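Please read the structure below before turning to the comments.
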Amino acid sequence: MKIVIANERKRVSVTLSLFYFFYFAMVGVYVIFMPKVLKDIGYNAVEIGAIYTSAPLMRFLLPFIFKHWIKLSSRVFYASLIATFVITALFFLTIKSFWLFLLINFAFGGAMGAVLPFVETIALERIGKERYGKVRLWGSLGFSVVAFVLGNILSSYLVALSFLVAMALLTVLFGLALVEFDNKAIDKEEQIESDSSFSLVRYWAFWGSVFLFQLSFGGFYNFFTIYETSHGVALDIVSYLWIFGVACEIVMLIFQGPLLKHFDLLTLLLVTTLSGVFRWIIVALYPKNLPLLLLAQASHALSFALYYTAAIAYVYTLYTQKKLAQQFFLGISFGLGGALGAIVSGLIYRLSPSALFIFEAFVAFIAALLLVVHKRRKSHVA
């Protein structure tokens, strides 16, 4: 019996690892290179901000639809995977038209909105939070590999889109292989407490913090490459900065298990949120100082890797409706936070690029304060 369980755990770990690798390689193309591609073919900062608002906005709206009308089942997961591939292929036909590309990015966000919550629930259920990082790090490797490769060979928007579609196809293939590991017992447990009773208000300070902290990443995700190259830093050097940040993330994912086991999750969230404040101040004040930029990127281990794992693990403990809770986490953070972060970053960057990162440091600080409020309230509302 133990051998059977060990073999199944190994299979789910390998399949999850491959899924994460190609999923985050796809995200890497979309996040790192597509903003510059859009700029090169004539999009302005506000248009880029609008494009990068559409997909996150759909990710925010989707959980509310699932809360009342749809259940995140294996069938829905299948449909979302296939739609993701088809929509990325349509990027080829729509990228030269702002309005068509905006529309297709809304669809992209809708398709992606059901994929990762489904997979994260399987990961937390099957391998646990302590071992999660050693599987999730393959996503970071995929992100860094695509950053390295495209940073050296990107010559046109067709190259970037070809990589995007190829990564989407491989994501679909390994995503389909994960369905057999979906735990039906979780679905039965979630039926005890209906999705319609799911409450965000009960933990409003926590959700507010999640939203603001991801909003603070808006300028980084959408304009860091443009910001650094505009200060004379070569594109390949900027790619290496991305890779270094991901390398630090990978180290944290490998060794974060004891931290997650021995420290309170809310304490870890507070520390990692404050690290974001430090990070954005450095980027704002020292855009050409490579040693300090490396230090800022090193904090990605805290402000992204450890924060993300602690956050999804904490959300997993808050609600009975596990998949819906993960949808709302991704919807409120990368969805609403990402959407408004894209809008605000586009507007502020147009006025003052350095002011953008000062603003982000301030927003991250408010996010930390809200975590303190949540920690004090939790014992009274639990």
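Miscellaneous remarks
- Scanning segment 130-142 for residues being modelled with pLDDT under 85 and either over 12 Å from LEU253 (Cβ atoms) or small (Gly, Ala, Ser) (or both) gives a total of 2.
- The residue list ILE254, ILE237 contains one member that is within 30 Å of ASN44 (Cβ to Cβ), surrounded by fewer than 16 Cβ atoms within 10 Å (Cβ to Cβ) and at pLDDT 85 or above, which is ILE237.
- Residue check for TYR221: at pLDDT below 85 and within 24 Å of ALA361 (Cα to Cα): yes
- Residues in segment 110-130 that are over 19 Å from the mean Cα position of the chain (by Cα) and charged (D, E, K, R): GLU125, ARG126, GLU130.
- Any hit, segment 286-296, residues being under 20 Å from PRO353 (Cβ atoms), touching a residue at least 24 places away in the same chain (Cβ under 8 Å) and outside any helix (DSSP H, G or I): yes
- When segment 19-55 is filtered for residues that are more than 18 Å from LEU347 (Cα to Cα) and surrounded by fewer than 19 Cβ atoms within 10 Å (Cβ to Cβ), the ones remaining, listed by number, are ASP40, ILE41.
- THR267 vs. criteria of a type outside the set (A, V, I, L, M, F, W, C) and either outside any helix (DSSP H, G or I) or buried (at least 16 other Cβ atoms within 10 Å of the Cβ) (or both): no
- Reported count of residues in segment 307-325, each being at pLDDT below 85 and either touching a strand residue (DSSP E or B) at 6+ places or on another chain (Cβ under 8 Å) or among the polar types (S, T, N, Q) (or both), is 2.
- Some residue of segment 257-274 being under 24 Å from TYR30 (Cα atoms), in contact with a helix residue (DSSP H, G or I) (Cβ under 8 Å, 6 or more places away or on another chain) and not hydroxyl-bearing (Ser, Thr, Tyr): no
- Test for TYR43: is it of a type in the set (Ser, Thr, Tyr), in contact with a Leu (Cβ under 9 Å, 6 or more places away or on another chain) and modelled with pLDDT of 85 or more: no
- Selection status of LEU347, under 21 Å from the mean Cα position of the chain (by Cα) and either crowded, with 23+ Cβ neighbours inside 10 Å or part of a helix (DSSP H, G or I) (or both): no
- For beta carbons closer than 6 Å, sequence separation of 6+ or different chains, a first residue in segment 114-126 that is at negative phi and assigned to a helix (DSSP H, G or I) and a second that is crowded, with 22+ Cβ neighbours inside 10 Å and of a type in the set (Lys, Arg), the qualifying pairs are PRO117/LYS323; THR121/LYS322; THR121/LYS323.
- Only one entry in ILE332, ILE254, ILE282, ILE358 is in a helix (DSSP H, G or I), within 15 Å of the chain's Cα centre (by Cα) and touching a residue at least 12 places away in the same chain (Cβ under 8 Å), namely ILE332.
- Filtering segment 63-80 to residues that are of a type in the set (Gly, Ala, Ser) and in a loop (DSSP other than H, G, I, E, B) leaves only SER73.
- Identity of the residue in segment 191-214, over 17 Å from the mean Cα position of the chain (by Cα), among the polar types (S, T, N, Q) and in a helix (DSSP H, G or I), that ends up modelled with the highest pLDDT: SER197
- Flag for ALA107 being surrounded by fewer than 19 Cβ atoms within 10 Å (Cβ to Cβ), more than 28 Å from LEU260 (Cα to Cα) and within 20 Å of the chain's Cα centre (by Cα): yes
- Restricting segment 297-329 to residues that are in a helix (DSSP H, G or I), polar (S, T, N, Q) and over 15 Å from the mean Cα position of the chain (by Cα), the residue that is nearest to ASN222 (Cα to Cα): GLN297
- The residues on offer are THR317, THR273, and the sole one that is surrounded by fewer than 19 Cβ atoms within 10 Å (Cβ to Cβ) and closer than 18 Å to LEU371 by Cβ is THR317.
- Scanning segment 38-55 for residues that are within 14 Å of PHE223 (Cβ to Cβ) and among the small types (Gly, Ala, Ser) yields ALA45, GLY49, ALA50.
Condition check ((1) closer than 28 Å to VAL246 by Cβ; (2) assigned to a helix (DSSP H, G or I); (3) charged (D, E, K, R); (4) touching a Lys or Arg at 6+ places or on another chain (Cβ under 6 Å)) across all residues:
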| site | (1), (2), (3), (4) |
| --- | --- |
| VAL27 | yes, yes, no, no |
| PHE33 | yes, yes, no, no |
| GLY42 | no, no, no, no |
| LEU61 | no, yes, no, no |
| THR84 | yes, yes, no, no |
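- Residue under evaluation LEU241, criteria (1) over 25 Å from ALA25 (Cβ atoms); (2) under 19 Å from the mean Cα position of the chain (by Cα), criterion not met: (1)
The values are calculated or read from the model by the stated rules, or taken from the named source; none is laboratory data. Note that the coordinates shown come from a computational prediction; the quantities given were computed from them, not determined experimentally. Every residue, glycine as well, gets a Cβ built from its backbone with ideal geometry; the counts of neighbours run over all protein chains shown.
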